[in-house]
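The values are calculated or read from the model by the stated rules, or taken from the named source; none is laboratory data. This is a predicted model, so every value here is computed, not measured. Neighbour counts are summed over all protein chains in view; Cβ atoms, including those assigned to glycine, are modelled from backbone coordinates with ideal geometry.
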Number of protein chains: 10
Amino acid sequence: MLFKVEMTVNIPYGLPVKEQEEMKAREKAYSQRLQREGKWRHIWRVAGLYANISVFDVQDAEELHQILMGLPLYPFMEIHVEALCRHPSSIHDSDK
Amino acid sequence: MLFKVEMTVNIPYGLPVKEQEEMKAREKAYSQRLQREGKWRHIWRVAGLYANISVFDVQDAEELHQILMGLPLYPFMEIHVEALCRHPSSIHDSDK
Amino acid sequence: MLFKVEMTVNIPYGLPVKEQEEMKAREKAYSQRLQREGKWRHIWRVAGLYANISVFDVQDAEELHQILMGLPLYPFMEIHVEALCRHPSSIHDSDK
Amino acid sequence: MLFKVEMTVNIPYGLPVKEQEEMKAREKAYSQRLQREGKWRHIWRVAGLYANISVFDVQDAEELHQILMGLPLYPFMEIHVEALCRHPSSIHDSDK
Amino acid sequence: MLFKVEMTVNIPYGLPVKEQEEMKAREKAYSQRLQREGKWRHIWRVAGLYANISVFDVQDAEELHQILMGLPLYPFMEIHVEALCRHPSSIHDSDK
Amino acid sequence: MLFKVEMTVNIPYGLPVKEQEEMKAREKAYSQRLQREGKWRHIWRVAGLYANISVFDVQDAEELHQILMGLPLYPFMEIHVEALCRHPSSIHDSDK
Amino acid sequence: MLFKVEMTVNIPYGLPVKEQEEMKAREKAYSQRLQREGKWRHIWRVAGLYANISVFDVQDAEELHQILMGLPLYPFMEIHVEALCRHPSSIHDSDK
Amino acid sequence: MLFKVEMTVNIPYGLPVKEQEEMKAREKAYSQRLQREGKWRHIWRVAGLYANISVFDVQDAEELHQILMGLPLYPFMEIHVEALCRHPSSIHDSDK
Amino acid sequence: MLFKVEMTVNIPYGLPVKEQEEMKAREKAYSQRLQREGKWRHIWRVAGLYANISVFDVQDAEELHQILMGLPLYPFMEIHVEALCRHPSSIHDSDK
Amino acid sequence: MLFKVEMTVNIPYGLPVKEQEEMKAREKAYSQRLQREGKWRHIWRVAGLYANISVFDVQDAEELHQILMGLPLYPFMEIHVEALCRHPSSIHDSDK
């Protein structure tokens, strides 16, 4: 199943730079592992914002929830989730 | 350049069914032609809504504008546009 | 998979009473058939509003979408969808 | 009487992990006791969010209020309450 | 049980004056009957608006729902409902 | 003159319990004195929220302002004020 | 007592020009009479909008309500009302 | 040129009382000097709120900006600005 | 004085195409005349929307108001106005 | 490509004045360098607010993103981005 997830990051001012960098490095590794596994299908940066738009391909809402809860930057994120279907006008059987 | 576009359709109640069907058929053909040309990269249905989330790959904002203005259902659409960039955590050079 | 769906109905003033009644009868029959099939798990009226809060148990977002699109009153509804998971504090294996 | 309650939790960054875990454990025990008593009828996790959607079956608004005020995580919650009725399309006498 | 209900009326322009007056007369009679029965405890006009703030004293949400659905002007109303409790600072046992 | 006032309280996490209790005691005494004087006509708790809905009967906006500014919990409150009139459908000369 | 009132006018497209002009003429006469009586203290146009910001000096909310309900363009207005007090920094005893 | 400005003040809890009082005294003196100069034409308190509605009569937007930036409480204010014109229904040549 | 104005156009469905074209032609001529006069300094299309962002250089709010009221498409526009100043970081004396 | 960017700055109260001044000086230098390079085409102050409206002329969304991320005050900014096109009514080939 496909889900669109929008994540906006707000790191509180004053968090030590080293702690931030370490979290961002873990976030990147975590995201890339899931991308290689085919679960995190797309990730785009929204121009000008510390935010991304992503598409996940997971078994169900439970798996999505576990993935998002595991994000190292989750405590600083505002998250919006929408379940997606194949669009009847799509030229693909499944648009992943 | 990539843009995310969200389109929500509100067809006024009472529009003759035949007119609706004709417009939807033209909309589908128009979308599929652009998908085949590689300009309309993704189109997903939002579950439960008469709405889609799409990703366009165009020359610039001008080309995006002309494409959207040409949508047969445009007069009934509410549209939201966001410019996208490659995300630094993406494992792809360009996530199209 | 479970989804919470909130539906608010706005029937335009002036729609002939007979047409309204016929649509509502079809809506009720459609809802009750899906309830008996176990797909429309819960339906509650929101006090004071022409609105309901429902829980659906479906295969995936695609099945949810087809069910909602088939609602006789769909053209008059405002719809909000949220995907649900089992809550870790629930005393049930699956809270349907 | 039935009430739908949506609870979104925002624990301030920096709260000691031990204090958080202790509060969450008390929250879980509190919720499960009320579920076993039949007052907290349903609790679902909203996919991707630190939030739940619950249905309570209580004597009146006063009992609901006392239950919610007793939540160990209440100080960190944003709460939305809606009173529910039996829906005329329900196939159940009372949809609990 | 007490509920606060806010009602805002929007009568579509062009509805024949006679039809409006007849509806408003029925609305007034309906409201006054419920006031005399002690179910519609308070009704205030919001200064400058075609809106009221009311307090109902009913058995439960079901009775509230039936009362509101019976309002002759209901099709033109936007309605907000909130369940009330006795306030611990009130000097009354029950503030009706 | 009657005013409806909605007050929502947000006490910052970490304020010493003793300081909170002392403020709440002063708030209660202040409210009850005004209730006994007939100026704070109604006060209801909104179910599930640390919020109240109140009706004040004062000389004018100036008196209302002084009363609200004197609330011990005022620094933690979000306040909404609406001026009320007698409703033409009321069965009372003045609905206090 | 002073009230600030913001009025935004939305005349439905297609209302006969003659009918519009007649209503606007009556609106102007009504406003000017109240200005001369000292009840409608100020009226400003909001730059670029078919809207005004006004200050009324009336006995109480009831008088304000009657004045606003009498506006010939009232059926087409969106109205916001706020009760005003003398500001402690004002150099005037009463800023009318 | 006339501008309507709405200012809402939010002083952070815990700011030393002495510092607050000193700032408010400077704010008052600053406002009264501008009122005497005829630039700050009106200032009203919004009933129940730590907020004011003001009308400024300045050369242009630049002068307005400099005045607002000079407010001692500016760092704690939320500000809304609207440019005003003479209203065609006004009985004054210029409603200051 | 400079003002930023955002205009969003919503032409009602069903307005005869000829009438629309005639209005758009007049709108274009009107805009271009004001551009040539140096009063309508900038006009940009917002990508994907029937909307523009414009900068006007006018004597005062009154002149801006008259210009906007004269727009042939004004009855179909939603308008937002903000007064602008020279920015202290600008490298120009006046950024027109 | 042209983008409109709106930036609103919220510097947390208590940040040492020296640190603020140093950041603002770097912000100004950064902005002026980009203005001289022709990439930051316009920058206006919004009257009364610590906010600006800017127009950027960049290669693509990626370049815009890098520029905005490099703003010394970025951690304190709320940012809104809109992609612009040439407007068909513009009298310029490209309105920069």
Residue by residue through region B:32-51, note down the ones that are under 10 Å from the mean Cα position of the chain (by Cα), within 14 Å of chain C (Cβ to nearest Cβ) and surrounded by 20 or more Cβ atoms within 10 Å (Cβ to Cβ). B:Trp44
Being in contact (Cβ under 8 Å) with a residue 60 or more places away in the chain and within 12 Å of chain C (Cβ to nearest Cβ) narrows it down to one of E:Val81, E:Val9, E:Val58, so name that one. E:Val81
Can we say A:Tyr74 is among the aromatic types (Phe, Trp, Tyr), without any contact (Cβ under 8 Å) to a residue 24 or more places away in the chain and away from chain J (no Cβ under 14 Å)? yes
Right, G:Glu63: under 24 Å from H:Asn52 (Cα atoms), touching a residue at least 60 places away in the same chain (Cβ under 8 Å), away from chain I (no Cβ under 14 Å) and of a type in the set (D, E, K, R) or not? no
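Can you confirm whether I:Lys96 is modelled with pLDDT of 95 or more and under 26 Å from H:Asp57 (Cβ atoms)? Full working, then the answer.
Values: modelled with pLDDT of 95 or more: no; under 26 Å from H:Asp57 (Cβ atoms): yes.
Answer is no for this residue.
Would you call I:Tyr50 hydroxyl-bearing (Ser, Thr, Tyr) and modelled with pLDDT of 95 or more? Even if it seems obvious, please write down each step before you answer.
Numbers: hydroxyl-bearing (Ser, Thr, Tyr): yes; modelled with pLDDT of 95 or more: yes.
Considered against the rule, which asks whether it is hydroxyl-bearing (Ser, Thr, Tyr) and modelled with pLDDT of 95 or more, I:Tyr50 comes out as yes.
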Kindly indicate whether B:Lys96 is basic (Lys, Arg) and touching a residue at least 60 places away in the same chain (Cβ under 8 Å). yes
Could you please find all residues in region F:52-73 being under 10 Å from the mean Cα position of the chain (by Cα), more than 30 Å from D:Lys4 (Cα to Cα) and not aliphatic (A, V, I, L, M)? F:Phe56
Filter result (within 14 Å of chain D (Cβ to nearest Cβ) and hydroxyl-bearing (Ser, Thr, Tyr)) within region F:12-31: F:Tyr13
Within region I:55-96, restricting to residues that are within 12 Å of I:Lys39 (Cα to Cα) and in contact with a Lys or Arg (Cβ under 7 Å, 6 or more places away or on another chain), the one that is surrounded by the fewest Cβ atoms within 10 Å (Cβ to Cβ) is I:Lys96
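Return the total of residues in region F:38-73 being farther than 19 Å from D:His65 by Cβ and hydroxyl-bearing (Ser, Thr, Tyr).
Step one: list which residues in region F:38-73 are farther than 19 Å from D:His65 by Cβ, which gives F:38-41, F:55-72.
Checking the rest, the ones that are also hydroxyl-bearing (Ser, Thr, Tyr) come to none.
Final tally of qualifying residues: 0.
Kindly indicate the residue of region F:1-26 that is under 14 Å from the mean Cα position of the chain (by Cα) and among the charged types (D, E, K, R) and also nearest to D:Glu19 (Cα to Cα) among those meeting that condition.
Of the residues in region F:1-26, the ones under 14 Å from the mean Cα position of the chain (by Cα) are F:2-9, F:24, F:26.
Next, from what is left, pick out any that are among the charged types (D, E, K, R): F:4, F:6, F:24, F:26.
On the way: F:Lys4: 40, F:Glu6: 33, F:Lys24: 25, F:Arg26: 30 Å.
Ranking the candidates gives F:Lys24 first.
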For I:Ile43, which of the numbered conditions (1) free of Cβ contacts under 8 Å to residues at least 12 places away in the same chain; (2) touching a Ser or Thr at 6+ places or on another chain (Cβ under 6 Å) fails to hold? (1)
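State all residues of region B:74-96 that are farther than 15 Å from J:His65 by Cβ and under 18 Å from the mean Cα position of the chain (by Cα); if no residue qualifies, say none. Give the derivation first.
Narrowing region B:74-96 to residues farther than 15 Å from J:His65 by Cβ: B:74-81, B:91-93, B:96.
Those that are farther than 15 Å from J:His65 by Cβ and under 18 Å from the mean Cα position of the chain (by Cα): B:Tyr74, B:Pro75, B:Phe76, B:Met77, B:Glu78, B:Ile79, B:His80, B:Val81, B:Lys96.
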Residues that are farther than 15 Å from F:Ser90 by Cα and crowded, with 19+ Cβ neighbours inside 10 Å, drawn from region E:6-31: none
